[in-house]
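To keep things clear, I will list the structure first and then write my remarks on it.
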Amino acid sequence: MPTRLYPASEMSSSVGQLLSRLLASNLAGPARRGVGALRTRLVPPPPVLQPERLYLYLDALWRTRHLEGAVVEVGCYRGGTTLAAQRFLTRTGDRRSYVAIDTFAGFDAEQFRVDADHGTPASLKAAFSDNSLEDVRRSLDRYGGHDVKLLQGDIATLSEAALPESISVALIDVDLDVPVFEGLQRLFPRLQRGGVMLVDDCPEGTTWAGARIGYRRFVQARGLPERYIFGMGVVPSQDAAPDLLSNS
């Protein structure tokens, strides 16, 4: 029988999935730390955004390159999107600070219960829990994200003092109604003139129904237009150019 040669990317993906399943199980502390360190060493974290949405995010970074406010990513999971965006900023000579915020432990149980009422499957309750602040910090440092500042906490309750005073671009990728709405509420007043916020997981019929619901609640409460590009909710600053982002 001929030997099958697996592409490196396929092997990396398979190993990553295996290690992620182990981390999502009930491993004891030392074993969990060991598996986390092994995953960091063997598997660079991939971006979790769909390709067209990653393009939109990077395009937003490019179009706002004249601004000085921080770039804020809420819901960074293992830091794959974070690394892609930070590399983009570095390679284009953009010196804006990059702040990534996450619980690094998955969903808040009470917030998930709200989304279960929206129809989010109960099987997703433990999603993204195979994670820790230490693992993400180690991964970012290993793969070139040394300059990224990590903040651990729930965006709905994180101290206001911990948030950047001025924001040029924000990506909110937290999947659930409550943290999407609260994240927009707390970051929008800090958005610079000409800046923009993007909310992931907003297409109709998505498994993560709460993201679109939280986005819609926010824009309706503020009297802002409801606008979607590539399944992402868009919130430009109130004085941003009409064509700041376009899918045409």
note = Of (1) in contact with a strand residue (DSSP E or B) (Cβ under 7 Å, 6 or more places away or on another chain); (2) within 17 Å of Cys76 (Cβ to Cβ); (3) of a type outside the set (A, V, I, L, M); (4) part of a helix (DSSP H, G or I), Tyr215 fails just (2)
task = May I ask you to list the residues in the stretch 58-81 that are under 16 Å from Gly183 (Cβ atoms) and polar (S, T, N, Q)?
result = Thr81
key: Residues (hydroxyl-bearing (Ser, Thr, Tyr) and loosely packed, with under 14 Cβ neighbours inside 10 Å) located in the stretch 121-157   = Ser123, Thr157
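Residue under question is Thr120, and the condition is that it be within 19 Å of Gly214 (Cα to Cα), in the same structural domain as Gln185 (by TED's automatic domain parsing) and not basic (Lys, Arg); does it hold?
On the way: within 19 Å of Gly214 (Cα to Cα): yes; in the same structural domain as Gln185 (by TED's automatic domain parsing): yes; not basic (Lys, Arg): yes.
It is true that Thr120 is within 19 Å of Gly214 (Cα to Cα), in the same structural domain as Gln185 (by TED's automatic domain parsing) and not basic (Lys, Arg).
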inquiry  = Just to be sure I understand, how many residues within the stretch 95-109 are under 24 Å from Asp147 (Cβ atoms) and of a type in the set (Phe, Trp, Tyr)?
reply    = 2
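Looking at Arg63, Arg91, Arg53 in this structure, which one is touching a Leu at 6+ places or on another chain (Cβ under 9 Å), farther than 26 Å from Thr157 by Cβ and surrounded by fewer than 21 Cβ atoms within 10 Å (Cβ to Cβ)?
Values: Arg91 fails: touching a Leu at 6+ places or on another chain (Cβ under 9 Å); Arg53 fails: surrounded by fewer than 21 Cβ atoms within 10 Å (Cβ to Cβ).
Being touching a Leu at 6+ places or on another chain (Cβ under 9 Å), farther than 26 Å from Thr157 by Cβ and surrounded by fewer than 21 Cβ atoms within 10 Å (Cβ to Cβ) holds for just one of Arg63, Arg91, Arg53, which is Arg63.
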task = Within the stretch 127-150, count every residue that is assigned to a loop (DSSP other than H, G, I, E, B), at pLDDT 95 or above and in contact with a Phe, Trp or Tyr (Cβ under 7 Å, 6 or more places away or on another chain).
result = 2
request  = Examine the stretch 197-206 for a residue that is among the aliphatic types (A, V, I, L, M) and under 21 Å from Thr120 (Cβ atoms), and state whether such a residue exists.
outcome  = yes
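List the helices (runs of 4 or more DSSP H) inside the stretch 1-97, counting only whole elements, that have at least 3 residues being in contact with a strand residue (DSSP E or B) (Cβ under 9 Å, 6 or more places away or on another chain) and at pLDDT 95 or above. Can you show your working first?
Working: elements: 8-24, 29-42, 51-63, 80-91.
By residue number, 51-63, 80-91.
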request  = Starting from the stretch 221-241, keep only residues that are assigned to a strand (DSSP E or B), then list their pairs with residues that are among the small types (Gly, Ala, Ser) and surrounded by 13 or more Cβ atoms within 10 Å (Cβ to Cβ) whose Cβ atoms are within a distance under 8 Å, requiring at least 6 positions of separation or different chains.
outcome  = Gly233/Ala211; Pro236/Gly195
So Phe112, is it surrounded by fewer than 21 Cβ atoms within 10 Å (Cβ to Cβ), aromatic (Phe, Trp, Tyr) and in the same structural domain as Leu58 (by TED's automatic domain parsing) = no
ask   = Can you name every residue in the stretch 166-191 that is in contact with a strand residue (DSSP E or B) (Cβ under 6 Å, 6 or more places away or on another chain) and of a type in the set (S, T, N, Q)?
value = Ser166, Ser168
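Of all residues in the stretch 128-151, count the ones that are closer than 29 Å to Asp59 by Cβ, of a type outside the set (Asp, Glu) and in contact (Cβ under 8 Å) with a residue 40 or more places away in the chain.
Keep residues of the stretch 128-151 that are closer than 29 Å to Asp59 by Cβ, which gives 128, 131, 136-137, 139-151.
Next, only the ones that are of a type outside the set (Asp, Glu) stay: 128, 131, 136-137, 139-140, 142-146, 148-151.
Narrowing further to those that are in contact (Cβ under 8 Å) with a residue 40 or more places away in the chain: 128, 131, 136, 139-140, 142-145, 148-151.
The total comes to 13.
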request  = Return only the number of the condition from (1) in a helix (DSSP H, G or I); (2) farther than 21 Å from Asp59 by Cβ that Asp175 does not satisfy.
outcome  = (1)
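The values are calculated or read from the model by the stated rules, or taken from the named source; none is laboratory data. None of these values were measured; they are calculated from a predicted model. Positions of Cβ are backbone-derived with ideal geometry, glycine not excepted, and every protein chain shown enters the neighbour counts.
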